[in-house]
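The values are calculated or read from the model by the stated rules, or taken from the named source; none is laboratory data. Just so it is clear, the model here is predicted, and its values are computed rather than measured. Positions of Cβ are backbone-derived with ideal geometry, glycine not excepted, and every protein chain shown enters the neighbour counts.
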């Protein structure tokens, strides 16, 4: 008889009782766990590198499909800001920067835009792709990282305007320009660390993306983007000196406009902070990853 | 021979019911509560709003095996699959999947609406871990399988939901997987596509790729799987062949919950199928429904109903009740014997009891149910076994009769 399977029924009754707590397992040492996580993160990124390329391609493709201006938008923000701040700092208040002000401002705004648009784009990257995040496994850092790569393409497009400005203002090209990729790399490491934390934070608490808007604006004026922030002294000056974005942006100017190496101390500080931010944020992200599908 | 492997070892998974806080406003009070609770309880303990979605589940699937997971809704079937594909991490225990995982889950919804079908194939392929060259090589097969040839360069937002699901499934079905995870995908697309999808899965399982299958279509489980587990409330209630588990599932179905199903004046305690199983198509089955009608003599007229549902399609194929048979339930315990001629195609059918009340409005509640498996009988194709009689005349010289 199909219905009365006494064995099956008896077993079912047994499990319907309150479940006993499972045995608590011993945890591995913190250091070996860290080493295991780092190995896992690296091998996953290698394994899924094509997905990173596909996601970046997708986002670039979507921009072309959905907007008429396409890459024009990549230029609009830094160029508009450059014009506005040029009016303020050449007509209203004269600001001595050593180079023509528009080019001073643009060399700050271009890398700043790389940073800010990476953050803006990445903060939504996990929540906007929630159908993927809840259905398929892949290293989730792919999503904020592809946001950074898309902004990097914008950065490259924006660099064309910089070249035009340099020709227009007769700024000579120095050999130090060859060191620019190192600065870009440091900036990307710092950006990656911040975006991982933001994307993760926004997944758990949606307030993060609203806070970010205020944060970015404040952070821009705390960085030497459109004026030399080093001229702020006192206790506030001390605080601002900790901001790793200032040495990064100043490094672009030294290498590009003055043909000198950036001051070693601040740049070393920025590099250290960037490496630390990336490693810490990535490990935290990797360890929280398995909670994403049930928390989104 | 594929060398994929699934090993699920003593897995426990804790979930919380109720709403999760995703605004900072809720964070601070929640953290306060969490601190107090952590101090009060140990590691493996449950907070009041938490429950074990899985408790101590273990199984292994080796090459050449396919494991079916059956059980009522909320038993934890999908949680197992999500742990296997690493979307969730077990609270305790280990889940190991060796080899490339092909998860045939419903992914139509994750296609990007603004991209064309072609662009989505490449994107979904790489999301699932395929190399670009691999996708390019299989592209024509994927499109052919989805039958979307003419629409492959149309943005997916113009697709119907069926087309969407077909494209999603087709990509997943072309991943060269070492392990297959299949979740209720047979509900995708029209009947022809479902058959193709099922054949594809059967072919992959036939090649020896180990598979874990979750489905409510017990028929499919029976024909695809070499073994099964019956999951009830997050624990394994029965482990064995697919047939055994389906039988055990029927036992659970037939038993009412502790307080019994019913309302006001009527309670149904059990539904049983008498006699040998499976039943041949066209043969009779005897179902016994036992229960109690109240003696309080309210004006309500209690009605016991019978509903036969195909587990393959989920549709009700037949329903009737005591009122249609001019039966009045007496007060006190009763035993209702229901004879059913199973004029239906092969498959597993749930005989559900219903409790109705013939008053001003009709209220119907579903009570316990039992399963009837129909196999064999004279072969036919279609939806109804019409017990066909055929007579052959031979030029009036004699008659060959067979009915």
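Remark: residue B:235 falls outside the filter, which requires a residue to be modelled with pLDDT under 85, within 14 Å of another protein chain (Cβ to nearest Cβ) and either within 30 Å of residue B:16 (Cα to Cα) or under 17 Å from the mean Cα position of the chain (by Cα) (or both). Can you name every residue in the stretch A:270-296 that is over 26 Å from residue B:90 (Cβ atoms) and crowded, with 16+ Cβ neighbours inside 10 Å? Residues satisfying the conditions are A:270, A:271, A:273, A:274, A:277, A:278. Identify the residue in the stretch B:96-138 that is facing another protein chain (nearest Cβ under 9 Å) and in a strand (DSSP E or B) and, among all such residues, is modelled with the lowest pLDDT. Ranking the qualifying residues of the stretch B:96-138, first place goes to B:103.
So, residue B:71, is that one at pLDDT below 90, under 17 Å from residue B:221 (Cα atoms), touching a strand residue (DSSP E or B) at 6+ places or on another chain (Cβ under 7 Å) and buried (at least 17 other Cβ atoms within 10 Å of the Cβ) or not?
Working: at pLDDT below 90: yes; under 17 Å from residue B:221 (Cα atoms): yes; touching a strand residue (DSSP E or B) at 6+ places or on another chain (Cβ under 7 Å): yes; buried (at least 17 other Cβ atoms within 10 Å of the Cβ): yes.
Answer is yes for this residue.
Put simply, of A:83, A:68 the only residue that is away from chain B (no Cβ under 14 Å), part of a helix (DSSP H, G or I) and farther than 30 Å from residue B:169 by Cα is A:83.
Matching residues to (1) more than 24 Å from the chain's Cα centre (by Cα); (2) touching a residue at least 60 places away in the same chain (Cβ under 8 Å):
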{"position": "B:147", "(1), (2)": "yes, no"}
{"position": "B:173", "(1), (2)": "no, yes"}
{"position": "B:181", "(1), (2)": "no, yes"}
{"position": "B:194", "(1), (2)": "no, no"}
{"position": "B:200", "(1), (2)": "no, no"}
{"position": "B:208", "(1), (2)": "no, yes"}
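Going by the structure shown, is residue A:202 surrounded by 22 or more Cβ atoms within 10 Å (Cβ to Cβ) and within 30 Å of residue A:286 (Cβ to Cβ)? Talk me through it step by step, then tell me what you get.
Numbers: surrounded by 22 or more Cβ atoms within 10 Å (Cβ to Cβ): yes; within 30 Å of residue A:286 (Cβ to Cβ): yes.
For residue A:202, the condition - surrounded by 22 or more Cβ atoms within 10 Å (Cβ to Cβ) and within 30 Å of residue A:286 (Cβ to Cβ) - is met.
Looking across the stretch B:340-370, the residues that are more than 12 Å from residue B:302 (Cα to Cα), modelled with pLDDT under 80 and in contact with a strand residue (DSSP E or B) (Cβ under 6 Å, 6 or more places away or on another chain) come down to B:366, B:367, B:368, B:369.
Only one residue in B:93, B:68 is in a strand (DSSP E or B) and away from chain A (no Cβ under 11 Å), so which one is that?
On the way: B:93 fails: away from chain A (no Cβ under 11 Å).
Exactly one residue qualifies, and that residue is B:68.
Taking the stretch A:97-184 and the helices (runs of 4 or more DSSP H) fully enclosed by it, the elements with 3 or more residues that are more than 30 Å from residue B:104 (Cα to Cα) are at A:101-123, A:142-168.
Among A:276, A:239, A:211, A:218, which is the only one that is at pLDDT below 90 and over 26 Å from residue A:172 (Cβ atoms)?
Every option except A:239 fails the conditions.
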